[in-house]
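Take a look at the structure below.
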Amino acid sequence: MAAAANRKISVSMRFRSDDLTIIDRGAQLLGLSRTEFMRRAALHEAQAAILNETVIRVSPKAYDAFMQAISAPAAAPPPKATERLRRPPFWNR
């Protein structure tokens, strides 16, 4: 049964030539074939869509604690962090 699950299936798609130029350039930069590049991109988008729809179930107590945490005013950053953020970037010094 595992062999059947890993069977490769061909998928046909149509693209505009300018889209293929961009896809081919991205694949070339990563050292991938067009097929592998597009397979990875499609899987990434599918996983992102699934994760965006995932429901997280928590107890009412945990939900109330979460809501309090995100509703509370932000804590002041540590003084060293504030000092570091006020300094110009290293390339502008």
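We did not get these values from a lab; they are worked out from the coordinates using the rules stated. Quick caveat, the model's predicted, so the values are computed rather than measured. Note that each Cβ is placed from the backbone with ideal geometry, even for glycine, and that neighbours are counted across all protein chains shown.
Among MET38, MET13, MET67, a tally of other beta-carbon atoms within 10 Å of each Cβ gives an order, fewest to most, of MET13, MET67, MET38. If the segment from LEU29 to VAL11 were pulled out straight at 0.36 nm per residue, it would be longer than the present Cα-Cα gap by 4.1 nm.
Taking the number of Cβ atoms within 10 Å of each Cβ as an exposure proxy, the fewest-first ranking of SER71, SER12, SER33 is SER12, SER71, SER33. For the options ALA62, ALA76, ALA49, a Gaussian network treatment of the chain with springs between C-alpha atoms closer than 10 Å singles out ALA76 as fluctuating the most. Here region 33-78 and region 15-31 have alpha carbon centers that stand 29 Å from each other. Measuring r between the beta carbons of ALA76 and ILE22 and using R0 = 41 Å, the FRET efficiency lands at 0.35.
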